Amino acid sequence: MFKRFVAASILSITASGVTVAAPDTFTQYKALSEAKGQKDRVALLKTATELIHSKTLSPERLTYVLHRSALHLVRESQFEQAQYRLDQLKIHLQDFPNTNLQGKYHWVSGDLALLLGNNQSAEFHFLQAVARFKESQDVRMLSHAHRLLANVLSKKRDYFQAISHIFQAKDAALKIEHVQLFYAALSTEARIYRDFKQFDKALDVLNQKLQFQKQQTQTSLVHLSSTYFSLADIYQHLGDHDAALNALQKSYELDAKLNDKNYMGVSQLHIAQQHLRLSNIPAANLAADKALNLFKEVNNTYNIGQAQATKGQIKLANGQFVEAVDLIQTGLAKINDSDNKQLHNRYQSFLGQALSHIRPHEAITLLTPLVDLVDEQIKIRILTSLSHAHKQQSELALALSYQEQAFNYKKKLTEKDMTARLEAKKLNSELGLKSLEVNALQAGLAEQQQDTKTRTVLLASAIIVLTNFLLLFYLYHLKRRRVMEKEAELLNQSLNLKQQLLADVSHELRTPLTVLKLNIEALEYNLTEDPKATYQVLQRRLDMLNTLIADIYELAQADTNNLRLEFETLQARSLFDELLIAIGPIIESPDLQIDYHNQLSDSLQVECDISRLNQVFNNLARNSIHYTDKPGQIKISVFQQQHTIVCTFEDSTPGVSSEALGKLFDRLYRCDKSRSRDLGGSGLGLSICEKIIELHHGAVEAKHSELGGVLIRFTLPLKNTRG
């Protein structure tokens, strides 16, 4: 009630000092608002303000003006004013209810929430809009609401429901033969397939839409430009940045014909991003300048900020860190955090990345609070920048911690992509079953129209099918019996493995648990002179137990064939260079001489899971560091041998005996158990490495090193050489 009273008071107070609008002003405003093509929204918003302050409008007309002006404010990215206008509309509709306009209120509110990244609020509003438009039988707006609801559900990864709503949006558009609505539904369908990682289907839908548009006698340049813009987005996800540039250029040319400088600037901004991905810094800078000038012409502060921040991103890519910081800060000042928090955080991550090179302390202050507030992609950049900033300040432990967190998040994203692909297959299966059901119904209708002879044939077929079914039923049970026998055999093997594993694990846990118990008793009875040191010992022992448990879990996955690898084709030489860079913080030590020799040619390719190979490199590097006396030497070599790539890790003294050398890959085996426990070793690292290399169809072995220590040698097959 108080909110309604305040809004009504504002309207009445402002109306007292404003000239009453002419009676025909509303008619003119309504005609201009609903006119097709480019609209002068600034002028329309000015007229709307005059009408709202006027005393001449009826409740129905005031409802219309509040709704239309809220929509125009959203389109002009004036999000705070749009929310205020929607609050006015909500209060007004409580006094003068209108089912259709209530639907439009929820539709604009959902659109605003979607732009602000509030998907939960957007879903609520679009669901309400669907219900209101169904009640008012406004099929056109119903298609809009279904389409935008599908978009929100896609962001929630509820793809089956999203596809269901997009089909309803297309059906509604076809029902009233509204071509542009149908095209809009196709665009959203393509976007859903994009979010679902089905880029080929998204491309098919957009190309289908483009062909339909070109066949129309009167094609809307606005919608044609939008189609090219969407195509560019799909090409970008497919990694075809040249095709994306071509589509964006066509979109820009169409916007230029319409003289829509705001959308021209948006196209140029995305062109700059594509040039940046292609490492074409001059072209990216030129496109960003064009975008900035266009946004300045239309005085769009929000987009001006984006353009300036993008120019800063380009400077960052070019290594001009001081200029990058200035430009990104200037742009961020124009991008309201409350308008688009995700975009604001994205550019803050670039600002922190630039600061990490010149003012690492400021970078740490800026980025640390953002770690838990951003999505995974931005979080990876923030964690990497924090790692670099701490490294700049010689805080190597923190640098390594953040680098490991970045690696874990990258691994998490890979797992998400794999899950999305599995969900895509499931969705395709469900859609296929729906198609089969439809085909079955159609076949049933055709069968009902057949004559008596056909029925006789069907009856005979049914008898044959029944006979076959009985035969298959018998074979099924026979096969099931054999399967059960095989399962029993495998179960016995699993039980034996489990018993052996439990025996090994209990042996490995006994000593650290005994130490924990003794130290806890010492603390309990005040038998220790330095409690703080005792707590540190307890913490180290607990860390060791955590490491052991994590390694056991990973080996268990490998034993049950649940350790999955994501293979990709990579250039071999650069792959091993990247793996060495990744372990840089681990092997950097003033007391160790690190020699790295990469003799691979640039033409060689290998199929591998880079994250798992990174794990192998980490384990081998840590072993060499831990078991090499200081000062010492570590030598890493990579070379081609026939159809394989060979990588060796060698370290200097101390070495191991020939007997121990043959047992290094045995689970829970350690040459010097006391030393291994002090270093936090679980005795499973080399076993995990062996499993990973075997899954890559390679081999691993241990030898004596000429440097006096141990040589670990593993091989990987070159691409297209496995038999």
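Condition test on Leu32, is it more than 24 Å from Leu148 (Cα to Cα), of a type outside the set (Gly, Ala, Ser) and touching a Lys or Arg at 6+ places or on another chain (Cβ under 8 Å)? Answer is yes for this residue. Taking the listed residues Ser121, Ser69, the one that is crowded, with 19+ Cβ neighbours inside 10 Å and either touching a Ser or Thr at 6+ places or on another chain (Cβ under 8 Å) or assigned to a helix (DSSP H, G or I) (or both) is Ser69, with no other qualifying. Residue selection: Ile358 fails the criterion of being crowded, with 19+ Cβ neighbours inside 10 Å and β-branched (Val, Ile, Thr). Taking first residues from the stretch 65-77 that are hydroxyl-bearing (Ser, Thr, Tyr) and partners that are part of a helix (DSSP H, G or I) and surrounded by 21 or more Cβ atoms within 10 Å (Cβ to Cβ), the Cβ contacts under 7 Å between residues at least 6 apart in sequence or on separate chains come to Ser69/Ala48; Ser69/Arg85. Please go through the stretch 565-616 and give me each residue that is in a strand (DSSP E or B), touching a helix residue (DSSP H, G or I) at 6+ places or on another chain (Cβ under 9 Å), within 17 Å of Gly709 (Cβ to Cβ) and not aliphatic (A, V, I, L, M), ordered by number. The one that is in a strand (DSSP E or B), touching a helix residue (DSSP H, G or I) at 6+ places or on another chain (Cβ under 9 Å), within 17 Å of Gly709 (Cβ to Cβ) and not aliphatic (A, V, I, L, M): Tyr596. Among the residues making up the stretch 327-343, those that are surrounded by 17 or more Cβ atoms within 10 Å (Cβ to Cβ) and without any contact (Cβ under 8 Å) to a residue 24 or more places away in the chain are Leu327, Gln329. Check whether at least one residue in the stretch 482-491 is modelled with pLDDT under 75, farther than 30 Å from Asn546 by Cα and not in a helix (DSSP H, G or I), and report yes or no. No: the stretch 482-491 contains no residue that is modelled with pLDDT under 75, farther than 30 Å from Asn546 by Cα and not in a helix (DSSP H, G or I).
Yes or no, residue by residue, for (1) farther than 30 Å from Ala397 by Cα; (2) touching a Pro at 6+ places or on another chain (Cβ under 8 Å); (3) surrounded by 14 or more Cβ atoms within 10 Å (Cβ to Cβ):
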position: Phe576; (1), (2), (3): no, no, yes
position: Gln593; (1), (2), (3): no, yes, no
position: Leu604; (1), (2), (3): yes, no, yes
position: Asp629; (1), (2), (3): no, yes, no
position: Ser637; (1), (2), (3): no, no, yes
position: Val646; (1), (2), (3): yes, no, yes
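Among the residues of the stretch 257-282, those identified as among the hydrophobic types (A, V, I, L, M, F, W, C) and over 16 Å from Gln236 (Cβ atoms) are Leu258, Met264, Ile281.
For the stretch 551-564, taking the residues that are assigned to a helix (DSSP H, G or I) and among the hydrophobic types (A, V, I, L, M, F, W, C), the one that is modelled with the highest pLDDT is identified as Ile552.
Checking Tyr228, Tyr235 one by one, the residue that is touching a Lys or Arg at 6+ places or on another chain (Cβ under 6 Å), at pLDDT below 90 and part of a helix (DSSP H, G or I) is Tyr228 and no other. The residues of the stretch 119-174 that are over 12 Å from Ala185 (Cα atoms) and in contact (Cβ under 8 Å) with a residue 60 or more places away in the chain, listed by number, are Arg157, Tyr159, Phe160.
Working only within the stretch 257-304, note down all residues that are small (Gly, Ala, Ser), surrounded by fewer than 23 Cβ atoms within 10 Å (Cβ to Cβ) and under 25 Å from the mean Cα position of the chain (by Cα). The one that is small (Gly, Ala, Ser), surrounded by fewer than 23 Cβ atoms within 10 Å (Cβ to Cβ) and under 25 Å from the mean Cα position of the chain (by Cα): Ser279. Scan (1) farther than 18 Å from Gly655 by Cβ; (2) at pLDDT below 90; (3) assigned to a loop (DSSP other than H, G, I, E, B) for the single condition Asn619 breaks and write down its number. Tallying (1) farther than 18 Å from Gly655 by Cβ; (2) at pLDDT below 90; (3) assigned to a loop (DSSP other than H, G, I, E, B), Asn619 fails exactly one: (3). One residue stands out among those in the stretch 56-66 that are assigned to a helix (DSSP H, G or I) and hydrophobic (A, V, I, L, M, F, W, C): the one that is nearest to Ser109 (Cα to Cα), which is Leu66.
The values are calculated or read from the model by the stated rules, or taken from the named source; none is laboratory data. This one's a predicted model, so the numbers in the text were calculated from it and none came from an experiment. When we count neighbours, we look across all protein chains shown, and the Cβ atoms used for this are built from the backbone with ideal geometry, even at glycine.
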